[in-house]
1. Based on alpha-carbon positions alone, could you give the equivalent ellipsoid semi-axes of the range 2-158 from the gyration tensor, as √(5λ), descending, whole Å?
2. For the range 26-101, what is Rg from Cα atoms divided by 2.2 N^0.38 Å, rounded to two decimals?
3. Can you work out the FRET efficiency for the pair Asp122 and Lys45, with r the C-beta to C-beta distance and R0 = 41 Å, to the nearest 0.05?
4. For Tyr108 paired with Ala20, estimate the spin-label separation in nm (one decimal), with each label point 7 Å from Cα along the Cα-to-Cβ line.
5. From the cross-link list Lys3/Lys45; Lys11/Lys107; Lys36/Lys107; Lys11/Lys96, which pairs have alpha carbons spaced over 27 Å apart?
6. For the range 2-158, what's the relative contact order in percent, using C-alpha pairs closer than 8 Å and at least 6 residues apart?
Amino acid sequence: MIKVSQLFDVKYGVNLELNALEQVPDGVNFVSRTAKNNGVSAKVKLIKGLEPIPAGTISVAGGGSVMESFLQPEPYYSGRDLYYLSALEPLTDQQKLFYCTCLRANKYRFNYGRQANRTLKDILIPSPDEIPAWVNSLNLVSLESLIAGLNAEIRKWSGKM
């Protein structure tokens, strides 16, 4: 096991407020602390002079839906209390998705309103040589289909409860 900061550069996002931005259908993703839609809550107009956070990073909610972690496939802006992780060594998307799951598994540590601001960099995660072999053999298209199917089943069963 290693600390998050030994595998990722942990940075605070750009801390924008959605109500102060112009929403456009074909804009840049705006990632917030939500647990839904890969963290994307809107698409906003590109801000002159402010580069979006690069694609391929992992967004992590430090507050709100604490520890919700998503691989961001497109450049994005972020709201408040959102961190992003850039790998210090090359990682595949499958490996980054594995680390999103590892980060989410630490959610229980932040019950009762505690936030993950100061401790995120010190959370223990598996080192790259501890990643299970099956992670590297995942086909992302199949994985997305599997997730969509599981979500459909969850919606179906939640209606019966």
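Any read-out appearing in this document is the output of simple, stated calculations on the displayed coordinates, not a laboratory observation. Since the model is a prediction, treat every value here as computed from it, not as a measurement. Virtual Cβ from ideal backbone geometry, glycine too; neighbours counted across all protein chains shown.
1. Details: eigenvalues 114, 79, 57 Å².
Working through the eigenvalues yields semi-axes of 24, 20, 17 Å.
2. Numbers: Rg = 11.9 Å, N = 76, 2.2 N^0.38 = 11.4 Å.
Relative to the rule-of-thumb radius for its length, the range 26-101 sits at 1.04.
3. Numbers: r = 37 Å, r/R0 = 0.89.
So, using R0 = 41 Å, E works out to roughly 0.65.
4. In this crude spin-label approximation the distance works out to 3.9 nm.
5. On the way: Lys3/Lys45 36 Å; Lys11/Lys107 19 Å; Lys36/Lys107 15 Å; Lys11/Lys96 16 Å.
The answer is Lys3/Lys45.
6. Details: 272 pairs, mean separation 41.1, N = 157.
It comes to 26 percent, rounded to a whole number.
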